[in-house]
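**Student:** Below you'll find the structure I mean.
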Amino acid sequence: MRRATITFRLDSERRKALDAIAAGLDRDRSYVLNEAVRSYIEIYDWQVSHIQEGLRQAKAGRFAGESQVADAFARLTKGKNR
């Protein structure tokens, strides 16, 4: 894979945290930044694909029924105060 150099500004506290992570992993800062960017892109792609699938289902008229929504809400809020 071809590599390119980029530059961006980072506040000193985040740089210290980044360097601490790199030291803890016995890696350099570049490795940690590459892993962070890879992870961000992976999460972003996952979110976009799920949004697009939801839109496809909505356009096809496929919506959750009232009981399905209530069941999902109950599962997600189980044991939590409202």
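**Student:** Considering each residue of the range 43-79, count those that are of a type in the set (D, E, K, R) and surrounded by 10 or more Cβ atoms within 10 Å (Cβ to Cβ), and give that number.
**Tutor:** Here the count works out to 4.
**Student:** Restricting to the range 30-76, name every residue that is basic (K, R) and under 21 Å from the mean Cα position of the chain (by Cα).
**Tutor:** Hit for the range 30-76 is R38, nothing else.
**Student:** Looking at this structure, is R2 part of a loop (DSSP other than H, G, I, E, B) and either loosely packed, with under 10 Cβ neighbours inside 10 Å or in contact (Cβ under 8 Å) with a residue 12 or more places away in the chain (or both)? Explain how you work it out, then say what you get.
**Tutor:** Working: part of a loop (DSSP other than H, G, I, E, B): yes; either loosely packed, with under 10 Cβ neighbours inside 10 Å or in contact (Cβ under 8 Å) with a residue 12 or more places away in the chain (or both): yes.
So R2 fits the description; yes.
**Student:** While we're on this one: Only residues that are part of a loop (DSSP other than H, G, I, E, B) and either exposed (fewer than 11 other Cβ atoms within 10 Å of the Cβ) or touching a strand residue (DSSP E or B) at 6+ places or on another chain (Cβ under 6 Å) (or both): list them for the range 11-42, please.
**Tutor:** If the condition is that a residue be part of a loop (DSSP other than H, G, I, E, B) and either exposed (fewer than 11 other Cβ atoms within 10 Å of the Cβ) or touching a strand residue (DSSP E or B) at 6+ places or on another chain (Cβ under 6 Å) (or both), then D11, D26 are the ones that fit.
Rule-based calculations on the coordinates, nothing more; no lab input. The shown structure was predicted, so the numbers you read here are calculated from the model rather than taken from an experiment. Cβ sites come from the backbone with ideal geometry, for glycine too, and all protein chains shown count toward neighbours.
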